[in-house]
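A short write-up of the structure that comes next.
The values are calculated or read from the model by the stated rules, or taken from the named source; none is laboratory data. All figures in this text were calculated on a predicted structure; none of them were measured in a lab. Glycine also receives a Cβ, built like all others from the backbone with ideal geometry; neighbour counts cover every protein chain displayed.
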Amino acid sequence: MRVKLFAAVLAFVALPACFIVLSEARTQQQVLLPDQSEAKAKQILQQAITALGGDAYLNVQDVTCTGRMTSFDHSGDLSGLENFISYSKPPDKTRQENTPKRNIINVFSGDKGWELDRGGVTEAPPTDMAQFQQNIHNNIDNILRHRIKEPGMIFRYAGSDIVDMQAADWVELVDNDNNTIRIAFSRATHLPTRKVLQTTNQRTQIKSEEIEYYSNFHPIQGIQMAFQTTRDRNGQKVYQAFLDKCDYNTGVADSLFTRESLEQRWSQVGGKYKEKKDKYSDNGK
């Protein structure tokens, strides 16, 4: 009871102060002409790239990370928790394996994808492929490394704010599909703290909003990596990822992102499932 009361009191005391700071920040917004707004937005983006590691960040060849991920269902309840190891090669090759067994694996490479589970190796479902393509397209690293160079991309400075309890500047990008991407960058560190993606389904005209939160940055080989990422979609939490360790540029082979690599892994672990199945069948006779 004391814990709940203390939390309630803390919220009551802290919120007015935050509201005052937020109000002051919004009242001091600078009115900029379109060219000035674009220039300021590009300046903030360049500061962010420098803070993330500059050339080292831009020229990443591959990254290997271990961590854990929690997923949530439509009601907001925890629906899954797993440890994983992931391999990626920018811009569009990823492989994620469960640990320690490493017998559930998802691989995506460009416009192709496969899954390994207890039934063997199969093509990734179309819905998973579509989600992967969207995730890669709007991944913050892909945006900062590549998409800001897209012809026709519109840049705007969207003002200062208090985001996750720290002073931040918002940059707004609008792509050729009229999708709006808003990114908040910490004024103190210039690192990204939040990304808001607003899209409209071209067939149904239904709007969607996806928010990612980035925190707990660590320098790895001269590159800043967010060790905690949270994603919300249309007001509902989708997942949280917590990294334990990451390594860059270890020479991850392209062959790791192929169906053949999963077939090879299945030849190593698939027999165990068959043995169990046969054992249960024998016991049932």
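Could you tell me whether ALA158 is farther than 24 Å from ASP92 by Cα and surrounded by 12 or more Cβ atoms within 10 Å (Cβ to Cβ)? Full working, then the answer.
Values: farther than 24 Å from ASP92 by Cα: yes; surrounded by 12 or more Cβ atoms within 10 Å (Cβ to Cβ): yes.
The answer is yes for ALA158.
So is GLN47 free of Cβ contacts under 8 Å to residues at least 60 places away in the same chain, part of a helix (DSSP H, G or I) and surrounded by 12 or more Cβ atoms within 10 Å (Cβ to Cβ) or not?
Criteria not met by GLN47.
Got a number for residues in region 189-223 being in contact (Cβ under 8 Å) with a residue 24 or more places away in the chain, more than 17 Å from HIS137 (Cα to Cα) and hydrophobic (A, V, I, L, M, F, W, C)?
4
Would you point out which residue out of ASP161, ASP169, ASP141, ASP177 is assigned to a helix (DSSP H, G or I) and among the charged types (D, E, K, R)? Lay out the reasoning, then the answer.
On the way: ASP161 fails: assigned to a helix (DSSP H, G or I); ASP169 fails: assigned to a helix (DSSP H, G or I); ASP177 fails: assigned to a helix (DSSP H, G or I).
Step by step, each of ASP161, ASP169, ASP141, ASP177 is checked, and only ASP141 is assigned to a helix (DSSP H, G or I) and among the charged types (D, E, K, R).
Could you say whether any residue in region 14-23 is at pLDDT 95 or above, assigned to a helix (DSSP H, G or I), hydrophobic (A, V, I, L, M, F, W, C) and under 23 Å from ALA168 (Cβ atoms)? Quick ask: steps written out before the conclusion?
Step one: of region 14-23, the residues at pLDDT 95 or above are none.
No, region 14-23 contains no residue that is at pLDDT 95 or above, assigned to a helix (DSSP H, G or I), hydrophobic (A, V, I, L, M, F, W, C) and under 23 Å from ALA168 (Cβ atoms).
In region 50-71, what count of residues is obtained for those that are small (Gly, Ala, Ser) and assigned to a helix (DSSP H, G or I)?
Residues meeting the conditions: 2.
For region 112-143, what are the residues that are surrounded by 18 or more Cβ atoms within 10 Å (Cβ to Cβ), touching a residue at least 60 places away in the same chain (Cβ under 8 Å) and touching a helix residue (DSSP H, G or I) at 6+ places or on another chain (Cβ under 6 Å)?
TRP114, LEU116, VAL121
Could you say which residue among ILE85, ILE49 is among the hydrophobic types (A, V, I, L, M, F, W, C) and either touching a strand residue (DSSP E or B) at 6+ places or on another chain (Cβ under 9 Å) or within 18 Å of ASP244 (Cβ to Cβ) (or both)?
Every option except ILE85 fails the conditions.
Can we say ALA226 is part of a strand (DSSP E or B) and touching a residue at least 40 places away in the same chain (Cβ under 8 Å)? Spell out the reasoning first.
Values: part of a strand (DSSP E or B): yes; touching a residue at least 40 places away in the same chain (Cβ under 8 Å): no.
No.
Filter region 144-158 down to residues that are assigned to a loop (DSSP other than H, G, I, E, B) and touching a helix residue (DSSP H, G or I) at 6+ places or on another chain (Cβ under 8 Å), then give me how many there are.
Step one: of region 144-158, the residues assigned to a loop (DSSP other than H, G, I, E, B) are 146, 150-153.
Then keep just the ones that are touching a helix residue (DSSP H, G or I) at 6+ places or on another chain (Cβ under 8 Å); that gives 153.
Count: 1.
Evaluate region 76-96: report whether one residue or more is surrounded by fewer than 18 Cβ atoms within 10 Å (Cβ to Cβ), out of contact with any helix residue (DSSP H, G or I) (no Cβ under 6 Å at 6 or more places or on another chain) and not in a strand (DSSP E or B).
Yes, there is a match, as at least one residue in region 76-96 is surrounded by fewer than 18 Cβ atoms within 10 Å (Cβ to Cβ), out of contact with any helix residue (DSSP H, G or I) (no Cβ under 6 Å at 6 or more places or on another chain) and not in a strand (DSSP E or B).
Taking ALA188, is it under 25 Å from GLN46 (Cα atoms), over 14 Å from the mean Cα position of the chain (by Cα), of a type outside the set (Phe, Trp, Tyr) and not in a strand (DSSP E or B)? Walk me through it before giving the result.
On the way: under 25 Å from GLN46 (Cα atoms): yes; over 14 Å from the mean Cα position of the chain (by Cα): yes; of a type outside the set (Phe, Trp, Tyr): yes; not in a strand (DSSP E or B): yes.
Against the criterion (under 25 Å from GLN46 (Cα atoms), over 14 Å from the mean Cα position of the chain (by Cα), of a type outside the set (Phe, Trp, Tyr) and not in a strand (DSSP E or B)), ALA188 qualifies.
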